[in-house]
Amino acid sequence: MATDSRQALGRYGEAVAAAYLVLKGWTVVDRNWRCRQGELDLVAQPAPGTLVFVEVKTRTSDNCGVPAAAVTARKLSRLRRLAAAWLAAHDRHAEAVRIDVVAVNTGPGGRSIEHLEGVLP
């Protein structure tokens with residue numbers, strides 16, 4: 001898949017994930033926040049005092065495994081550092097902080113969304 005196609009698929013998945021979270025009653029606080037260490041897909045607030053850093057994985061098939069399987073221990077470690085950098089950059093404090101994964105699959109069987117909560121508390 002060409003880079004432009006992958007980027008478009010990623011943007012689509014992030015839009016689907018953001019809409020999904022809003023439908024659950026969450027507030028999307030930030031999208032595609034970048035710093036020198038990398039990028040956070042979504043920062044959301046499900047309830048007052050809680051911030052969730054959401055990694056979105058989007059696939060068109062399960063040929064390379066389910067989307068959430070792409071979130072490795074190394075990636076989780078990086079997400080933890082990015083979450084700390086976001087909190088510091090925004091001078092935000094929360095009673096609870098966690099990392100979730102929202103997997104969006106747009107395969108031939110139709111679109112599916114899987115939300116894995118608290119993959120890294």
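Observations
- Sites counted here are trypsin sites (Lys or Arg not before Pro) in a DSSP loop (not H, G, I, E or B) having no more than 14 other Cβ atoms within 10 Å; the longest part of the chain that contains none of them is 37-91.
- Computed from Cα atoms alone, the Kirkwood hydrodynamic radius reported for the chain is 14.7 Å.
- Here the spin labels are modelled as points 7 Å beyond Cα on the Cα-Cβ line, and at residue 4 and residue 111 they lie 2.3 nm apart.
- A full extension of the chain between residue 50 and residue 27 corresponds to an added length of 7.2 nm, given 0.36 nm per residue minus the alpha carbon distance.
- The slack in the chain from residue 37 to residue 80, taken as 0.36 nm per residue of separation less the alpha-carbon distance, amounts to 14.4 nm.
- The chain: antiparallel DSSP beta bridges as a percent of all, rounded to 5: 60 percent
- Normalising the average separation of contacting C-alpha pairs (under 8 angstrom, six or more residues apart) by the number of residues puts the relative contact order of the stretch 14-121 at 25 percent.
Here, each number is a calculation from the coordinates, and none is a lab measurement. Everything quoted here is computed from the prediction, not taken from an experiment. Don't worry about glycine lacking a Cβ; one is built from the backbone with ideal geometry, like all the others, and counts go over all protein chains shown.
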